[in-house]
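To start, the structure itself, in structure tokens.
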Ligand code: UDP
Ligand code: MG
């Protein structure tokens, strides 16, 4: 894990330019090859934008087994791991840093249960998938893992600090102070 990159300041904002977002979190999403192959990228990203979450980093990249062994360290001994690596390396992916108040839990709830067949309608996996593995999107599962994962996939200067013009329509003043 990288030292103290800029993106780690997202939880507990300290600088003046970021004072309106000091209670905000940043979380990592990965639009998996199943999103790209099925041309769902725009519709998936729109779920977060329409909710009132904001995109602070976004890029396409090709994953390899090395980074997946880190990212999915909790799964390397599972029988499906080779198949997961094959799937996740089959096309480039799109990684995103999504921010907002309680963004980690909000994004997980928008994403839905791991197996798309069990995911509730209205969630991304519930609406767009039928598979446990080809499940469209990854999202960080805790604030601590979000920090680690953002640092894994983004360089500090790939996370952009800006204040969305609509922030005061998305939140009440007490929610962002
Ligand atoms: N996965 C799989 N088979 C399983 C469980 C998980 O192929 O039985 C894949 C699936 O793509 C999932 C990923 O491994 O999204 C990571 O699993 P995790 O349990 O962390 O689920 P997630 O956090 O993605 O909901
Ligand atoms: Mg997970």
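The values are calculated or read from the model by the stated rules, or taken from the named source; none is laboratory data. Bear in mind the structure is a predicted one, so any value in this text is a computation, not a measurement. All Cβ positions, even for glycine, are placed from backbone atoms using ideal geometry, and neighbour counts span all protein chains on display.
Observations
- Selection within region 164-176: residues that are touching a strand residue (DSSP E or B) at 6+ places or on another chain (Cβ under 9 Å) and assigned to a helix (DSSP H, G or I). The member of this set that is surrounded by the fewest Cβ atoms within 10 Å (Cβ to Cβ) is 175.
- Top-ranked residue in region 118-141 [being within 12 Å of ligand 1 (Cβ to nearest atom) and without any contact (Cβ under 8 Å) to a residue 40 or more places away in the chain; ranked as surrounded by the fewest Cβ atoms within 10 Å (Cβ to Cβ)]: 118
- Tally of residues being in contact with a helix residue (DSSP H, G or I) (Cβ under 8 Å, 6 or more places away or on another chain), under 18 Å from residue 100 (Cβ atoms) and modelled with pLDDT of 95 or more across region 146-163: 6
- Flag for residue 44 being crowded, with 22+ Cβ neighbours inside 10 Å, in contact with a strand residue (DSSP E or B) (Cβ under 9 Å, 6 or more places away or on another chain) and in a helix (DSSP H, G or I): yes
- Flag set for residue 161, criterion: in contact with a strand residue (DSSP E or B) (Cβ under 8 Å, 6 or more places away or on another chain) and touching a residue at least 60 places away in the same chain (Cβ under 8 Å).
- Among (1) closer than 18 Å to residue 48 by Cβ; (2) more than 18 Å from the chain's Cα centre (by Cα); (3) without any contact (Cβ under 8 Å) to a residue 12 or more places away in the chain, the one test that residue 171 misses: (3)
- For region 142-160, filtered to residues that are surrounded by fewer than 15 Cβ atoms within 10 Å (Cβ to Cβ) and in a loop (DSSP other than H, G, I, E, B), the residue that is nearest to ligand 2 (Cβ to nearest atom) is 142.
- For the residues 65, 70, the requirement of being more than 30 Å from residue 175 (Cα to Cα) and within 16 Å of ligand 2 (Cβ to nearest atom) singles out 70.
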